[in-house]
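> Below you will find the structure I want to go over with you.
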Amino acid sequence: MRNAFADEITKLGKADPRVVLLSGDIGNKLFDQFKTQAPGRFFNCGVAEANMMGVAAGMALCGMRPVVYTITPFTTTRCFEQIRVDVCYHNAPVIIVGTGSGMSYADLGPTHHSCEDMAILRTLPGMTVIAPADSTELRMALREALSLDGPVYMRIGKKGEPVIHQSVPQFRIGHAITIRDGTDACLISTGVIAPVVMAAANILDGRGISARVESFHTVKPLDEATLAEVFSVFPVVAVVEEHGRIGGLAGAVSEWLATRGPAGGRLLSFGTDDTFMHEVGSQDYARRKFGLTAQNIAEQVEARTPAGRTGAAAPATAR
């Protein structure tokens with residue numbers, strides 16, 4: 001996804017002289033084409049992310065369209081105060097991009113894990129939170145973000161993520177994309193976990209359960225119309241995210257459910273536990289540890305779907 005980001009921001013920078021790119025000491029070679037197409041508009045701010053966010057806010061208030069890019073924890077939790085006070089308080093149109101989201105950097109330890117970013121940033125007034133599923137959604141989200149007049153946070157993967165969309169779908173911030181139709185259960189995915197969710201839907205299909213899959217690329221604002229529909233139609237609605245279950249997309253959906261009264265469908269939440277992962281391992285290892293596998297998701301949905309088996313016990317990885 002980061003290669004798609006570099007390519008798309010280069011196109012946008014060439015077309016719009018207001019676009020500037022700020023990096024937290026990564027991606028210098030990655031952005032060689034941007035520097036060629038938009039000379040003088042790439043700034044390596046070094047390992048000083050809080051200062052970088054303040055610089056971006058100042059640029060935005062002067063009429064530029066800054067895009068801030070670095071590894072997810074360092075562009076979110078490390079400079080949360082600057083995002084809150086410098087960017088959001090002034091409603092400055094800064095696009096904050098966190099690469100290697102979730103457990104993409106599982107092998108580098110908890111300092112590089114980002115399982116809280118969507119939770120903390122969606123609490124900020126005026127902040128839009130986006131988690132594209134693949135490079136197709138990323139490109140469209142970046143273009144849409146530049147059309148907004150306020151701050152945007154976008155969490156993306158690292159590299160090698162599969163393309164989910166075989167054709168370019170209609171993309172609007174705040175409106176989910178139906179990836180696959182189904183009649184028995186609904187799986188809601190956000191971000192780069194989408195291939196796992198699609199694999200879970202395929203497993204369910206093989207067991208006679210038709211699963212609809214929705215890409216909730218926008219975590220804030222929520223697509224309340226789609227939520228109202230799926231909770232009225234499906235007995236089970238599973239939210240899957242490579243993020244903590246506290247405060248992420250499932251948390252946002254839970255808050256929405258609490259304000260509207262009883263719902264027909266049951267919410268299942270798949271995400272990381274309320275703990276740090278002290279072991280070092282691959283992203284796939286981390287996903288297995290927290291139950292973010294196609295097999296586990298399919299089994300838990302099947303156990304709670306009338307069209308599936310009954311009486312199956314749910315492990316701690318499904319809520």
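> Hey, how many Å between the Cα centroid of the range 288-305 and the Cα centroid of the range 156-173?
23
> Find out how many positive minus negative residues lie around Glu137, taking Lys and Arg as positive, Asp and Glu as negative, among other residues whose Cβ is under 13 Å from that of Glu137. Each step should come with its number before you reach the end.
Details: positive: Arg139, Arg143, Arg155, Arg172; negative: Glu8, Asp134, Glu144, Glu161, Glu214.
Counting the neighbours of Glu137, the net charge comes to -1.
> Then there's this: Against the globular-protein guess of 2.2 N^0.38 Å, express the Cα radius of gyration of the chain as a ratio, rounded to two decimals. Each step should come with its number before you reach the end.
Values: Rg = 19.3 Å, N = 319, 2.2 N^0.38 = 19.7 Å.
After normalising by residue count via 2.2 N^0.38 Å, the value is 0.98.
> Amide H of Leu268 versus every other amide H placed in the peptide plane: which residues, excluding those fewer than 5 positions away on the same chain, fall under 5 Å?
The answer is Val237, Ala238, Val239.
> Starting from the amide H of Met154, placed 1.01 Å from N in the peptide plane, find each other amide H under 5 Å away whose residue is 5 or more places distant or on another chain.
Here Ile96, Val97, Gly98, Ile130 satisfy the definition.
> Relative contact order of the chain: what whole-number percent is it, with Cα pairs under 8 angstrom and at least 6 residues apart? It would help to have the intermediate numbers written out before the result.
On the way: 697 pairs, mean separation 49.1, N = 319.
Rounded, it is 15 percent for the chain.
> Also, I was wondering about something else. Using Cα springs under 10 Å in a Gaussian network model of the chain, which residue among Val230, Val253, Val168 shows the largest mean-square fluctuation?
Val168
> Then there is this: Please compute the length gained on full extension between Glu229 and Asp205, using 0.36 nm multiplied by the number of residues separating them and subtracting their Cα-Cα distance. Working shown, then result.
Details: separation 24, 0.36 × 24 = 8.64 nm, distance 2.14 nm.
Contour length minus the Cα-Cα distance gives 6.5 nm.
> Restricting things to Cα coordinates, could you compute the convex hull volume per residue of the range 39-117 in Å³?
On the way: hull volume 7.1 nm³, N = 79.
Spelled out: Cα convex hull of the range 39-117, divided by residues, is 90 Å³.
> Using a 1.4 angstrom probe with every protein chain in place, what is the largest-first accessible-area order of Lys220, Lys14? Write out the running numbers ahead of the final one.
Numbers: Lys220 55, Lys14 140 Å².
My answer, sorted largest first, is Lys14, Lys220.
> Continuing with the same structure: Going by amide H atoms built from the backbone, whose H comes under 5 Å of the H on Gly102, apart from near neighbours?
Sorted by chain and number, the residues that satisfy this are Ser114.
> Can you compute 3J(HN,Hα) from phi for each residue in the range 245-261, using the Karplus curve 6.51 cos²θ - 1.76 cosθ + 1.60 with θ = phi - 60°, rounded to whole Hz and x for Gly and Pro?
5, 7, x, x, 5, 4, x, 5, 5, 4, 4, 5, 4, 5, 8, 10, x
> Tell me, what HN-Hα J-couplings in whole Hz come from the Karplus equation 6.51 cos²θ - 1.76 cosθ + 1.60 at θ = phi - 60° for each residue of the range 146-163, using x for Gly and Pro?
5, 8, 7, 9, x, x, 9, 10, 10, 9, 10, x, 10, 7, x, 5, x, 7
> State whether the range 31-85 is rounded, prolate or oblate according to the following rule on the C-alpha gyration tensor (a ≥ b ≥ c being the square roots of its eigenvalues): a/c under 1.5 gives rounded; otherwise a/b larger than b/c gives prolate, and the remaining case gives oblate. The partial results should precede the final answer.
Values: a/c = 2.59, a/b = 1.43, b/c = 1.81.
In terms of gyration-tensor shape, oblate.
> Less than 13 Å Cβ to Cβ from Ala48, Lys/Arg counted +1 and Asp/Glu -1: what total charge do the surrounding residues give? Don't skip to the answer; put the middle values down first.
Values: positive: Arg78; negative: Asp25, Glu49.
Neighbourhood net charge equals -1.
> If you don't mind, there's one more thing I want to ask. Counting only pairs 8 or more places apart or on different chains, how many lysine pairs in the chain have C-alpha atoms closer than 25 Å?
Lysine pairs meeting both conditions in the chain amount to 16.
> Given the options Glu279, Glu214, Glu137, state which has the largest fluctuation in a GNM of the chain using a 10 Å cut-off (strictly under) for Cα springs.
Glu279
> Report the residue, chosen from Ala250, Ala228, Ala211, that carries the largest GNM mean-square fluctuation when the chain is represented by alpha-carbon nodes joined by springs under 10 Å.
Ranking Ala250, Ala228, Ala211 by mean-square fluctuation puts Ala228 first.
> Hey, what number do you get for the chain at 222 nm if only DSSP H runs of n ≥ 4 count, each worth -39500 (n - 2.57), divided across all residues, to the nearest 500? The partial results should precede the final answer.
Numbers: 11 runs with 107 residues, N = 319.
Mean residue ellipticity, 222 nm, calculated: -9500 deg cm²/dmol.
> Related question: Work out, in µm²/s and without decimals, the Stokes-Einstein translational diffusion coefficient of the range 76-130 at 25 °C, 0.890 mPa s, Rh from Kirkwood over C-alpha pairs.
205
> What three numbers, in Å, describe the spread of the alpha carbons of the range 1-158 along their principal axes, ordered from the longest?
For the range 1-158, the Cα extents along the three principal axes come out at 37, 32, 28 Å.
> A further question follows. Viscosity 1.306 mPa s, temperature 10 °C: what is the translational diffusion coefficient of the range 153-257 from Stokes-Einstein with a Kirkwood Rh over Cα pairs, rounded to a whole number of µm²/s? Show your work: numbers first, answer last.
On the way: Rh = 14.1 Å.
My calculation gives 112 µm²/s for D.
The values are calculated or read from the model by the stated rules, or taken from the named source; none is laboratory data. The shown structure was predicted, so the numbers you read here are calculated from the model rather than taken from an experiment. Neighbour counts run over all protein chains shown; Cβ positions are idealised from the backbone, glycine included. Ligands, DNA and RNA are excluded from the accessible area calculation, which covers all protein heavy atoms including side chains. Shrake-Rupley method; radii C 1.70, N 1.55, O 1.52, S 1.80 Å.
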